[in-house]
Amino acid sequence: MSARDDDLVLDRLIHEPGRLAILTVLSSVGDADFVFLQRTTGLTKGNLSSHLTKLEGAGLVTIEKRFVRKKPNTNVALTADGRRRIGRHWEQLERLRQRSVEP
């Protein structure tokens with residue numbers, strides 16, 4: 001595999017469909033609460049929670065648990081590294097797409 005090919009290896013942490021959906025939503029809104037993410041991604045509470053734990057562990061998102069009007073609220077925000085890595089992922093996908101249509 002050449003250096004150019006190595007650059008096209010997709011980040012498996014990000015490329016997983018559930019995590020890609022979460023990061024894509026967060027890249028467009030910056031931060032969101034758990035319920036909004038659940039509704040926009042279509043993930044179950046358990047799946048969303050599991051994916052968020054992995055993303056937080058990798059430093060791609062921050063999770064803040066608080067109370068809003070005496071109700072628990074979980075807010076998720078994209079970190080600078082998360083924004084950089086999701087941007088790089090989309091660039092890699094675009095390069096792969098371009099390669100697939102090149103003669």
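The table below gives the values:
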quantity	calculated
Globularity index of the chain, i.e. its alpha-carbon radius of gyration over 2.2 N^0.38 Å	1.22
Folded to 0 to 90 degrees: helix 45-57 orientation relative to the chain principal axis, Cα	70
Computed helical MRE - 222 nm, the chain, DSSP H runs ≥ 4 contributing -39500 (n - 2.57), nearest 500	-18500 deg cm²/dmol
Segment 1-85: trypsin sites (Lys or Arg not before Pro) in DSSP loop, at most 14 other beta carbons within 10 Å	Arg69, Lys70
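We did not get these values from a lab; they are worked out from the coordinates using the rules stated. Remember, it's a predicted structure, so these values are computed and weren't measured experimentally. So basically every Cβ, Gly included, is an ideal-geometry build from the backbone, and we count neighbours across all protein chains shown.
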